[in-house]
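The structure appears right after this line, and notes come after that.
The values are calculated or read from the model by the stated rules, or taken from the named source; none is laboratory data. Note that the coordinates shown come from a computational prediction; the quantities given were computed from them, not determined experimentally. Here the Cβ positions follow ideal geometry from the backbone for every residue, glycine too, while neighbour counts run over all protein chains shown. In case anyone asks, the SASA skips ligands and DNA or RNA and just uses the protein heavy atoms, side chains included. Shrake-Rupley method; radii C 1.70, N 1.55, O 1.52, S 1.80 Å.
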Amino acid sequence: MHKLNRRWVAATVALVAGVATLAVAGTATADPPIVGSTIVFKNGGSSQPDTNPCTGTPAIDNNLAGRGTVHLTEFADGTTHVSMSFHTDFFIDTIDPAEVDYSGHETDTFAFEGTNGAASTAVTFTPVLTGTDGTHLVAHEVGHFTVTANGEVTVSFDRFSGFKGCA
């Protein structure tokens, strides 16, 4: 799904920005957060090109409703914590009327933590779909990477289980 690539790009940009911020941070203190915010949002009504998750043939992904929460906490020493959670309801309309259409939801999470130039990021993506033929599809992706203060990547993986339930 195309959404996944956009999320990884967003996560990478967030990590690079976070690492840059953390690289100039001073030593740790026990001060309370200087920035703490939570953003809650809802949206819907968009569509984009996509593919049938089982056959790969062209489809249109209609985003019916989306909602999410973003938490940001920054400390005086430069330590940053960011967590995001998104839930989207959608309908995949396969362009070929002979093929199966799918409706369902996905849940995505993103977490970033860093201090003094070191950072860690984790991302998950879990779509759950039901086809017009009664099929039930589930996939899961998890990714993680950790960067030390000297820029060394010590952990890096991205595992996608693929859609289970395709005939």
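Taking residue 91 as meeting all but one of (1) more than 19 Å from residue 40 (Cβ to Cβ); (2) in contact (Cβ under 8 Å) with a residue 60 or more places away in the chain, write down the number of the exception.
With (1) more than 19 Å from residue 40 (Cβ to Cβ); (2) in contact (Cβ under 8 Å) with a residue 60 or more places away in the chain applied to residue 91, the lone miss is (2).
Just wondering, is there one or more residues in segment 56-70 that are closer than 30 Å to residue 154 by Cα and either over 13 Å from the mean Cα position of the chain (by Cα) or of a type in the set (Val, Ile, Thr) (or both)?
yes
Yes or no: segment 9-30 includes at least one residue that is at pLDDT 50 or above and not in a strand (DSSP E or B).
yes
Give me a count of the residues in segment 111-146 that are outside any loop (DSSP other than H, G, I, E, B), open to solvent by less than 20 Å² (accessible area, probe 1.4 Å) and over 23 Å from residue 99 (Cβ atoms).
Residues meeting the conditions: 8.
Across segment 54-69, what is the total count of residues that are more than 25 Å from residue 110 (Cβ to Cβ), part of a strand (DSSP E or B) and open to solvent by 40 Å² or more (accessible area, probe 1.4 Å)?
Of the residues in that region, 2 qualify.
Among residues belonging to segment 147-167 that are among the polar types (S, T, N, Q) and assigned to a loop (DSSP other than H, G, I, E, B), point out the one that is most open to solvent (accessible area, probe 1.4 Å).
150
Check whether at least one residue in segment 94-101 is open to solvent by 10 Å² or more (accessible area, probe 1.4 Å) and without any contact (Cβ under 8 Å) to a residue 12 or more places away in the chain, and report yes or no.
Yes, because at least one residue in segment 94-101 is open to solvent by 10 Å² or more (accessible area, probe 1.4 Å) and without any contact (Cβ under 8 Å) to a residue 12 or more places away in the chain.
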